[in-house]
Amino acid sequence: MADLAKLKAKGEAIVAVSLYDAWMARLFEGAGAHVLLVGDSLGMLFQGQRDTVSVTLEHVIYHTRAVRAGAARAHVVADLPFLWASRSEDEALVALGRLLQEGGADSVKIEATERQAPLIARAVEAGIPIMAHVGLRPQTARTLGGYPRQGRDAESAAAICATAEVLADAGAYALLIENVPDSLGNEITARVRIPTIGIGAGPGCSGQILVAHDILGFSDTTPPFARPFANLGAEAASAAQAYAQAVASGQVGSRPPPATRR
Ligand code: KIV
């Protein structure tokens, strides 16, 4: 966490990725990612569900252990799943602790409003570092009717900015800002001392995060603000097809020639 604060102080961008397994963790850590988030977007991209509501604490612990196993140095953040932050503080604290103790996370991300400020203060006091997620909070997609951009008018932008300041004052070590106008990402970044990590919040944040599947072009639910850096979905589909055809024509089973062996 101190390293993330230093990166912000030096004006160097924090590289963060949301992913769910050891192999991806190794890949992105090897590429220089500072932060690996075990996001509850795994509900859509791993479990094939329509949103994050299906994701349980046990699921996030399981995936965090996998990411931890693949990450030697990066800071691993686990997402607190749906509803836990609205439970009693005592119950939420137990869940936060399990993500560190059983999952091996370094810190926990909470989708938060000002109501979660006391929980954040208590968690930090107990030794659990918290990243607070503001702007679009995907766990509220069913009440929002999807994933609309937040803070589009002056009043709601001011409210998100005020929430961000309250959560920073409560002790969060970083803010994740999702799907807001660039100007709001800039304003929050200027107002808080802690690092901000944006996803669809403009290039002015202290760092950026995208979901690994979106980066690799391995998703059909990529949000408009996520830029794919490859088209592995199409390549994987043609490999799957080539494999099925090779099996059907009896070309699989014996040792492949050395040139194609890995
Ligand atoms: O769950 C997730 O992957 C996230 C990112 C979208 C930031 O919260």
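The values are calculated or read from the model by the stated rules, or taken from the named source; none is laboratory data. It should be emphasised that the depicted structure is a prediction, and the values quoted were computed from it without experimental measurement. Cβ: placed from backbone, ideal geometry, glycine included. Neighbour counts: every protein chain shown.
Note on the stretch 147-262: enclosed helices (runs of 4 or more DSSP H) holding 1 or more residues that are under 19 Å from the mean Cα position of the chain (by Cα) and under 20 Å from Met131 (Cα atoms) are 154-170, 182-191, 212-215.
For the stretch 204-213, the criterion of being more than 15 Å from the ligand (Cβ to nearest atom), out of contact with any Pro (no Cβ under 7 Å at 6 or more places or on another chain) and at pLDDT below 95 is satisfied by no residue at all. Residues of the stretch 133-160 that are within 23 Å of Leu80 (Cβ to Cβ) and surrounded by 18 or more Cβ atoms within 10 Å (Cβ to Cβ): His133, Val134, Gly135, Leu136, Arg137, Pro138, Gln139, Tyr147, Gln150, Gly151, Ile160. Note on the stretch 150-161: residues that are out of contact with any helix residue (DSSP H, G or I) (no Cβ under 8 Å at 6 or more places or on another chain) and aliphatic (A, V, I, L, M) total 3.
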